[in-house]
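The block underneath contains the structure these notes are about, expressed in structure tokens.
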Amino acid sequence: MRIRDHFVLVTVTVIFLTGCASSADPVESASTNMIDFAEATLPISEVASPEISVTVAGEQYLRFVDPVNELVDTWLLYCVGGQYLPCRSTVEEQTARYREFADKLGDADWPVSAQPAIDELISELAGKISDNSRVLTQTTEADFWNAMNTPEHSGGSAAQLVRMKLRLPNVDATASSSNATADQDSAGASSQSEVRSALPLGYEFTLPGVASFTVHDAQQVSSIKGGAYSGDLLPQPGGTLFLLSMTWTNLANEVVGKVCWGPYSADLKVYDTAGRELMLSDQSGHIDGNECSNGLMNGQSGDWYQAFYGLPDSELDYAVFRSYNDQSEVKVSLRP
């Protein structure tokens, strides 16, 4: 809590009466020959304003942190998605919001019990601002990503502690794999696992000039329903079978002949948790729901279902989408 200093001036009027009487008359004369007035200012000790309640402080905290946490999806999309220029702009905006958040925390009143955690959070924000400033001084894309992945300041748990002191819900663990927030990731996320290491399922990302993608679902299955004129897809003997469900948009000027083939200028590989590449099924065109009779012109979108064969002990880990144009790639986590 910030103590507001109040110096109260109390004006006290002191009246001194001086009378005179004859030596023969010991009794003080009723008439007053002189009256002196003096004003004295007496300081009263500092008075603290009433302490803010936990409920009001919690509401205040959420108002302050919301603008920062609103950038989570954008940060995941561009920075984890590996899009250099959009990510750079996002980091610039993020840095400004970090500073605004820190300033508001420092200027506001807080319950005495929460003040140490607030101070610690401000310190963590200072580290984040410093790391972002270093990132933004880089002049090449390679140096930019390297700086993003090698922060000089480690995160902490101040935001989680603040929320506990203010009786607020825990920080959002879904954002804990990124450096996306000042609040959600402070409970462990600011360890800053490698940027671009794994984009979560359900996020759209782009390979410039090739296509944009969204991997909606990835799971191990016992079989995959085939089309009207084909049988179901089954695992190879003794192996495993996996299905990826995706949507993609053609960003190339060339027409792609079949939606179910995916873009011509990109490669898709899937790996298990042991780091072994799975085998792409050449029968995926027969999967029920796959659009193999229609193509995509520039800007058009379609659904894509792709099957992969795995080893007996394979478990899905991640997929890599790589552009043939510039060799850029995006990794998507396929774990639940």
One checks the Cα atoms of the range 196-336 and finds Rg and Dmax, in Å, of 14.5, 43
What lysines does K225 reach when the alpha-carbon gap must be under 21 Å and sequence neighbours fewer than 8 apart in one chain are set aside?
K258
Hey, what D do you get for the range 294-336 in µm²/s if you plug the Kirkwood alpha-carbon radius into Stokes-Einstein at 10 °C and 1.306 mPa s?
119
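Do any of K128/K165; K128/K269; K165/K331 go past 31 Å between their Cα atoms, and which?
Working: K128/K165 23 Å; K128/K269 34 Å; K165/K331 38 Å.
Pairs exceeding 31 Å: K128/K269; K165/K331.
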Find which of V162, M148, G127 sits farthest along the positive direction of the dipole of the range 54-191, computed with +1 on the beta-carbon of Lys and Arg, -1 on that of Asp and Glu, about the Cα centre.
V162
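At most 13 other Cβ atoms within 10 Å and a DSSP loop assignment: could you name the chymotrypsin sites (Phe, Trp or Tyr not before Pro) in the range 251-336 that fit? Intermediate values should be presented prior to the final figure.
On the way: sites: W261, Y264, Y271, W304, Y305, F308, Y309, Y318, F321, Y324; in loops: Y264, Y324.
Qualifying residues, ordered by number: Y324.
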Log10 I(q)/I(0) at q = 0.10, 0.19 Å⁻¹ for the range 54-191, from Debye over equal alpha-carbon scatterers, is -0.31, -1.04
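Taken together, the values in this text are just the output of simple stated rules run on the coordinates, not laboratory data. Just so it is clear, the structure is predicted and the values come from calculations on it, not from any experiment. Cβ sites come from the backbone with ideal geometry, for glycine too, and all protein chains shown count toward neighbours.
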